[in-house]
């Protein structure tokens, strides 16, 4: 119990709980099946990308191209569905393949040349986005076929996108906790040099991390398209910051070495609930961005202050 | 070995730059639109002697279907009339970068700048420069505050007319009563804000039983417009309608309404192209799309520019090819009536 | 141009210079209008806003930090200055009010980063939205026009044919370059970037230096905001919003390490000029704006990768020699 309280995720979870309770009291519809379903479904793409971002942040890296990678995949998939080759199987395969390629390019450039990931991904961010805009001339790809939107059906009251997200979270958590790959990631983020001496292949680990995130972005593109039923290549601009914020709010250390998928899920829910809550709580339009920023600042501040306190306690114990 | 790699990279870099800058061939392969062809021909024109005029057609933002349609029709007008059209604009809704583009067009020495200003005042200093440089300035789609700076304004309809018309049609489906919400693009978008403002004012004056409960921005992002509509339906259980004053909003709102199984209970209408509205009109989640033909507007802008450059003028009631009869009021050339696109007439529209 | 000389002949400097010259050559070939005085002047009228913001960002990045709120700080200051100007306040006072707001913005960032200890990326991500929200609340999303004509001098005047804002940019760059190289404060900035703990132990007042860094960055954003308000005779909340990513790219392109500890403002300005030239060339050649994104991304990666390769090459040679 005490251990649970000490975890970084706990404070964010408590803030989230307080927010939810407050919103429910203010507007009971907040806690309705439809609203919960809506919050979950509209944040699946964000959540899937945030799972990948958690891996990257743990290695002390960063990827600001995730939104572009997602739209890159979403656009190609929408184009594919306009051709006779489009069917559910090819869509999934293509989503994985496209994500693999975009992620592998990031991973290759970062690991091969040992350049700070923010630089490489800043560059690929504009390249991926530029390619799809040049290709489509900004045209929206409307009316995706039925088999495409079927990916986001609701079965037995459970929306499928949420199922995909949960599956991806489980796989990611397993990868992080129970595989050599996952342990290498933590080791690398904790102390790069030490990890290297311990025999971790840094280049390989980095390459895999970014490629895995790329694949998740590819799948996020598929989910996003199927939810919306059409594709807007210029859309979801600036989502990369939401993805990073979600992971960090969930307790992942942006300087590397710490982070869990569970925490990230809480972070994603936090972002989703704030967005939803701002409207549900009837916050005046012009104040929404301000309140949004404020909540993030406060959440992170509480988190950091708690950690500081815990750290100083630990130090005192060590001295004793 | 390393040196050779380095050399290769330098060459690669230069090739990259060249293909980036002069990337007309690849562009034509991947997107064989009239726009890229124009990029090529203007390049030639910039080097050799020119026949005919060069007209810069500057939208508020590229990458939005509405303006892309104007661009394509603008190029069509260029072919028909034997002049060059450069269609280029900012990639984001940044007013200053549109000013930069106008300045670059002045440097390029175009004969006419036909612009849809992102901001009615931010563009004025550079338009002054254009005028000083002897370049014909016309506005289309949106106007500038200081109307002395431009020769004519090629107008579809004023912000007030559109705002009020949107509300009339919307109220008709709403049964002139109930709660409604407006979804706009970003809070800083001047034209969308104005449409929303006039629509609301018209409702307040004419439909006392209607009540605007929310005014939300969707950042011109369909997925955000989609979740906002869902949130609105949660926040306001009695919500009876969503009016979208930016093109990504109505389809996304209709998608959300359709998914909630509330087709017809929650009215969706607003500014959107026929092609984007079609599926939603057909399944009943959207009631009507109100817009003018953005392509014809682009065509008319180029036609007007060419006529004025030739020393002529557009007359009231003139039948402009491809566009139809236009109305001329003072220094405004007004295109046509608004199009009310519904399930019945959707197949008549090609944009 | 005169800045090129000031760059020490480092590897990065040479690569940057090569890229710069390469783009000038391409521009000259692509459009006969490129290498004209008129066009060069118009580039120098357009780019100083981004340049000033980018050198401010450089200072923060050198300390190992980052300021994602710089773009929206610019928008907030622009709105505040615009509101003051249209309310009939004297110009000097209006600019002062916006500068005061910028100092507050910088202080807020510094408190979050230096005092509370939130990682800069996250702290400034929060303040980014907060400042943008504040600008929206103040302006109600409207663009503020009717800026008094007397204020136009800042962004539309020329002194001896050179746009005033370009002169401001050069002055600020020179001042900051001198501070970074010759002053104790500059050395402290770099020391913090290299190793914040070690520098604290060796007597650097880390908190105070970080406060100064974030305030300098915000104040420069405010100056950039005021220049843009003057240049386009309008104030909008979204001003500078789209500057953030290009600015970070320019800082990196200019040779400043994103981890801090290495860098300078001269390279940043060259980086901004390179990006400005790319979009200028494309506009002159009539190429769709979409290609600009592709080109800027490619150049960033190519230059950085090329830098790294030559650097590794040099390192290896040195190793061989020492063996």
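Worth a mention:
- Number of positions in segment C:82-102 that are free of Cβ contacts under 8 Å to residues at least 12 places away in the same chain and either within 19 Å of residue C:137 (Cα to Cα) or within 24 Å of the chain's Cα centre (by Cα) (or both): 4
- Residue check for residue B:86: closer than 18 Å to residue B:309 by Cβ, facing chain C (nearest Cβ under 7 Å) and either buried (at least 24 other Cβ atoms within 10 Å of the Cβ) or at pLDDT below 90 (or both): yes
- Criterion violated by residue A:230 - all others in (1) farther than 28 Å from residue A:80 by Cβ; (2) more than 18 Å from the chain's Cα centre (by Cα) satisfied: (1)
- Index of the failed condition, residue B:216 passing every other in (1) in contact with a strand residue (DSSP E or B) (Cβ under 9 Å, 6 or more places away or on another chain); (2) surrounded by 24 or more Cβ atoms within 10 Å (Cβ to Cβ): (2)
- Qualifying positions in segment C:239-257 - more than 8 Å from every other protein chain (Cβ to nearest Cβ) and assigned to a loop (DSSP other than H, G, I, E, B): C:240, C:254, C:255, C:256
- Unmet criterion (only one of (1) closer than 18 Å to residue B:178 by Cα; (2) in contact with a helix residue (DSSP H, G or I) (Cβ under 6 Å, 6 or more places away or on another chain); (3) facing another protein chain (nearest Cβ under 9 Å)) for residue B:251: (1)
- Scanning segment B:191-218 for residues that are within 14 Å of chain A (Cβ to nearest Cβ) and free of Cβ contacts under 8 Å to residues at least 24 places away in the same chain returns a single hit, B:193.
- Of all residues in segment C:131-155 being touching a residue at least 60 places away in the same chain (Cβ under 8 Å) and at the interface with chain A (Cβ under 7 Å from one of its Cβ atoms), the one that is farthest from residue C:211 (Cα to Cα): C:141
- Any hit, segment C:288-307, residues being under 30 Å from residue B:57 (Cβ atoms), modelled with pLDDT of 85 or more, crowded, with 24+ Cβ neighbours inside 10 Å and more than 10 Å from chain A (Cβ to nearest Cβ): no
- Filter result (surrounded by 17 or more Cβ atoms within 10 Å (Cβ to Cβ), touching a helix residue (DSSP H, G or I) at 6+ places or on another chain (Cβ under 7 Å) and assigned to a helix (DSSP H, G or I)) within segment B:130-174: B:130, B:131, B:149, B:159, B:162, B:163, B:164, B:166, B:167, B:171
- The residues in segment C:144-181 that are more than 18 Å from residue C:95 (Cα to Cα) and buried (at least 17 other Cβ atoms within 10 Å of the Cβ) can be counted, and the count is 8.
- Which numbered condition residue C:82 fails, given (1) in contact with a strand residue (DSSP E or B) (Cβ under 6 Å, 6 or more places away or on another chain); (2) surrounded by fewer than 23 Cβ atoms within 10 Å (Cβ to Cβ): (2)
- Qualifying residue in segment A:282-290 (condition: in a helix (DSSP H, G or I), within 30 Å of residue A:174 (Cα to Cα) and either modelled with pLDDT of 90 or more or within 14 Å of chain C (Cβ to nearest Cβ) (or both)): no
- Condition met for residue C:276 (at pLDDT 90 or above, surrounded by fewer than 24 Cβ atoms within 10 Å (Cβ to Cβ) and in a helix (DSSP H, G or I)): yes
- Residue check, residue C:285 at the interface with another protein chain (Cβ under 7 Å from one of its Cβ atoms), in contact (Cβ under 8 Å) with a residue 60 or more places away in the chain, in contact with a helix residue (DSSP H, G or I) (Cβ under 9 Å, 6 or more places away or on another chain) and surrounded by 24 or more Cβ atoms within 10 Å (Cβ to Cβ): yes
- Those residues of segment B:175-187 which are buried (at least 22 other Cβ atoms within 10 Å of the Cβ), over 16 Å from the mean Cα position of the chain (by Cα) and assigned to a loop (DSSP other than H, G, I, E, B), in sequence order: B:187
- Residue selection: residue B:285 satisfies the criterion of being assigned to a loop (DSSP other than H, G, I, E, B), modelled with pLDDT of 90 or more and under 26 Å from the mean Cα position of the chain (by Cα).
- As a summary of the residue check, residue A:251 satisfies the conditions (1) more than 10 Å from chain C (Cβ to nearest Cβ); (2) on the phi > 0 side of the Ramachandran plot; (3) surrounded by fewer than 21 Cβ atoms within 10 Å (Cβ to Cβ) except for the one numbered (3).
- Failed item in (1) crowded, with 19+ Cβ neighbours inside 10 Å; (2) not in a loop (DSSP other than H, G, I, E, B), with residue B:119 passing the rest: (2)
- Taken over segment B:128-164, the criterion of being within 11 Å of another protein chain (Cβ to nearest Cβ) and under 23 Å from residue B:329 (Cα atoms) is satisfied by B:144, B:145, B:146.
- Candidates C:112, C:104, C:154, C:125 - the one that is closer than 23 Å to residue B:123 by Cα and in contact with a helix residue (DSSP H, G or I) (Cβ under 9 Å, 6 or more places away or on another chain): C:154
- Restricting attention to segment C:25-43, the residues that are assigned to a helix (DSSP H, G or I) and either within 11 Å of chain B (Cβ to nearest Cβ) or at pLDDT below 90 (or both) total 12.
- From the list B:237, B:250, the lone residue that is assigned by TED's automatic domain parsing to the domain that holds residue B:286, within 17 Å of the chain's Cα centre (by Cα) and either over 18 Å from residue B:290 (Cβ atoms) or in contact (Cβ under 8 Å) with a residue 24 or more places away in the chain (or both) is B:250.
- Looking only at residues of segment C:113-122 that are crowded, with 20+ Cβ neighbours inside 10 Å and at the interface with chain A (Cβ under 7 Å from one of its Cβ atoms), we find that the one that is farthest from residue C:68 (Cα to Cα) is C:118.
The values are calculated or read from the model by the stated rules, or taken from the named source; none is laboratory data. This structure is a prediction, so every number in the text was calculated from the model and none was measured. Ideal geometry is used to build each Cβ from the backbone, glycine not excepted, and the neighbour counts take in all protein chains shown.
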